[in-house]
Each structure stands twice: as C-alpha cells, then as structure tokens.
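Remarks on the structure that follows.
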Amino acid sequence: MREICVIGGNRYFGKRLIDRLTAAGDRVTVINRGSSAPPAGTIHLVADRNDENSLEKALGSRTFDVVVDQVCYTPRQAEIARRVFAGRTRRYVMTSTVEVYEYEDTAAPVGEGAVDPRTVAVDPGLPWDDAGFLDAHYGEGKRQAEAVFAADPGFPYVAVRVAHVLGGDDDFTGRLQHYADRIRAGEPIAVPPVNHPATYIHVEEIADFLFWTVGEDFTGPVNAASHGTLTTGELCEAIVAHLPDGRTLLRAVEVGETSPFSFSRSYGMDNSRATELGFPFGDARAWLPRAVAETLGKDN
C-alpha cells in the first residue's frame, strides 16, 4: 500500500485522480482548508497550505511515498511546501500549466527545455496574496513555483505542465459553455486576426496521467497533452454537431477580449518526453466529440 498525499484535488481531474488512487489500493491523505469534504475512503487533514505552522501541525509525523500538489500557484506556497515536505516524501508532483510557455511564440510544439525552472528568477515579494494580481500573473506564478522546487537538488519534484483540459459533466470553467451559448444564439465569437491552434487534454486523460506519474520515478518538468492540436473552428464544429440548430460566426477583433480558446500565439506543447517515458496519449480530435457531449449534454 502506497502512502499518497493530495493537496487540494476535490474537483474536476483532482477528484478523478483520487478515485484512481483509492481504487488501486493506495492510502490517500487529502489536505484542504475544510470547506468541502474529501472523496470517500480518504484520510482528511484540515490545514491552510499558506500557513506553515498549520500545515506542520496537521501533518504531525506523517510521511508519504508521493505528494501530489494540485493547488500550488505561487513561489510562496512552493517555499512553504518544500520546507514542510522535505524529508517527508520521496517525490513531490506539482500540477503546473501550459501557461508557463506564455512567452514562447513559435509554431513548433514547445518542449520542456524552453522554460528551465532552474533559470527562472523568483520574487516572493510580489503581491501573490492579491487575487487580482495572481489571476493576471497565473503563468508567472507557476513558473516561479516550479523554480522554487528546482532550486533544491535534494528535493525530488515533478512539474506536470497540463494542456488546456476539456470534458466531463463537471467542467466548472464555463469555457465550452461560452461557445455553446453564442453558437445557439447565432452571436459572433471573437477571435484574434491570426488565430492559432493549441494542445488539449481530456479530463480523464490528465487524471490517468497524474496517476501514472505517481508510480514512476522521473523528475523535472513534463508536458501533458494529447496528440495533435485543435483550432477554435474545430471546437465550434464539434459543438455545432451537438447543437444542430446553432451556427458558428467567428469575428476577428484587433483589440479587446477574445473567446476563451482563441490565441494570438501558438499554444502547442511537445509531449515526446512523456511519450518516451511510456505514457500512451490519445488523439485530441478523436476524443473531442465525447468531451463536448459530456460537458454540454445537460443542455439538451
């Protein structure tokens, strides 16, 4: 029986990961602030991960084979976690994001080496506790959090850089719903004049990937994305197939806010490292109809 700790993870692919771990016979400890009950069959510890003393007190003398951190957004949070879990776990898995590549504007799929966390400057003095600042600097917060873990060669960490996630009837983001609402109403969907494709991953696939990662021994950054890219048009076509009375109107805008999955730069990740390590990704175009049906099925 493996001892696994999950920080956060009460919704979307986090809860799916926990289901996989418990089904495999792992003993799972879930840490959160107590605002929601953890999945059945887990050990629940209530702590504020931003409060080092609270986290230390909740953990007591517990140790783990692997920690999966679903809610690390800032270098401050990473510094607390690194101090608290040093010597408590043989491996620390942080859920990161494709947004760490927000400045890598290239048509070629971006590999992990494009952002080396060992070279990222860390500034814990920035207003990371301000929700507005954090939202506007999401990618930077994740980059600096990775850098904190990478700075300690004795702390074995993994940063799973997750592509845009689609699917599930519990998708809380509202992004596909935005498209469905406008397609149903025949209203225009704002896109950049040059609208680039992106890589995606299904909600079940990223849960599978994190579960697989728990059982492996590699370290460092790793990209998690299905094979292939999708355009805004392809997303809309899949939604129109689900809403046959709707129609897609894409409108190019020079300035102002565009739709959630439209990009003025390429957002493609190279998944070859994970593939070579042994994870079998699916093809995004193959699972896209399923993802749309899962997320929007409740509307029909």
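Residue count for the range 193-233, restricted to those that are more than 17 Å from the chain's Cα centre (by Cα) and within 28 Å of ASP245 (Cβ to Cβ): 6.
Quick check: anything in the range 117-132 of a type outside the set (Phe, Trp, Tyr), in contact with a strand residue (DSSP E or B) (Cβ under 8 Å, 6 or more places away or on another chain) and in contact (Cβ under 8 Å) with a residue 60 or more places away in the chain? I'd like the intermediate steps shown before the answer.
So in the range 117-132, the residues of a type outside the set (Phe, Trp, Tyr) come out as 117-127, 129-132.
Next, only the ones that are in contact with a strand residue (DSSP E or B) (Cβ under 8 Å, 6 or more places away or on another chain) stay: 117.
Filter once more, so that each one left must be in contact (Cβ under 8 Å) with a residue 60 or more places away in the chain: 117.
There is at least one residue in the range 117-132 that is of a type outside the set (Phe, Trp, Tyr), in contact with a strand residue (DSSP E or B) (Cβ under 8 Å, 6 or more places away or on another chain) and in contact (Cβ under 8 Å) with a residue 60 or more places away in the chain.
Exactly one residue out of ASN271, ASN223 is more than 21 Å from LEU176 (Cα to Cα), in contact (Cβ under 8 Å) with a residue 60 or more places away in the chain and touching a Phe, Trp or Tyr at 6+ places or on another chain (Cβ under 8 Å): that is ASN271. The residues in the range 246-266 that are under 14 Å from GLU187 (Cα atoms) and more than 27 Å from the chain's Cα centre (by Cα) can be counted, and the count is 7.
Could you check the range 14-90 for strands (runs of 3 or more DSSP E) lying wholly inside it with 1 or more residues that are surrounded by 14 or more Cβ atoms within 10 Å (Cβ to Cβ), of a type in the set (D, E, K, R) and touching a residue at least 60 places away in the same chain (Cβ under 8 Å)?
Working: elements: 27-32, 43-46, 66-69.
The strands (runs of 3 or more DSSP E) meeting that bar are 66-69.
Annotation: of all residues in the range 137-177 being modelled with pLDDT under 95, open to solvent by 40 Å² or more (accessible area, probe 1.4 Å) and outside any loop (DSSP other than H, G, I, E, B), the one that is farthest from TYR267 (Cα to Cα) is GLN177. Filter the range 192-219 down to residues that are open to solvent by 10 Å² or more (accessible area, probe 1.4 Å) and at pLDDT 95 or above, then give me how many there are. Residues meeting the conditions: 10.
Suppose we filter the range 115-136 for residues that are under 30 Å from ILE4 (Cβ atoms) and surrounded by fewer than 16 Cβ atoms within 10 Å (Cβ to Cβ); how many remain?
From the range 115-136, those under 30 Å from ILE4 (Cβ atoms) are 115-118, 120, 122, 124, 128-129, 131, 134-135; that's our starting set.
Checking which are surrounded by fewer than 16 Cβ atoms within 10 Å (Cβ to Cβ) leaves us with 116, 118, 124, 129, 131, 135.
Number of matching residues: 6.
ASP123 meets the conditions (1) part of a helix (DSSP H, G or I); (2) over 21 Å from GLY268 (Cα atoms); (3) in contact with a Pro (Cβ under 9 Å, 6 or more places away or on another chain); (4) not β-branched (Val, Ile, Thr) in every case but one. The failed one is (1). Screening the candidates LEU250, LEU288, LEU277 for the property of being touching a residue at least 60 places away in the same chain (Cβ under 8 Å), open to solvent by 40 Å² or more (accessible area, probe 1.4 Å) and touching a helix residue (DSSP H, G or I) at 6+ places or on another chain (Cβ under 8 Å) yields one hit, LEU250.
Considering the range 59-111, and only residues there that are out of contact with any Ser or Thr (no Cβ under 8 Å at 6 or more places or on another chain) and polar (S, T, N, Q), the residue that is farthest from PHE149 (Cα to Cα) turns out to be SER61. Take the conditions (1) touching a helix residue (DSSP H, G or I) at 6+ places or on another chain (Cβ under 7 Å); (2) at pLDDT 95 or above; (3) not aliphatic (A, V, I, L, M); THR119 misses just one of them, which is (1).
The values are calculated or read from the model by the stated rules, or taken from the named source; none is laboratory data. Here the structure is a predicted model, which means the values were calculated and not measured. Note that each Cβ is placed from the backbone with ideal geometry, even for glycine, and that neighbours are counted across all protein chains shown. Side chains are part of the model used for accessible areas, which takes the heavy atoms of the whole protein and leaves out ligands, DNA and RNA. Shrake-Rupley method; radii C 1.70, N 1.55, O 1.52, S 1.80 Å.
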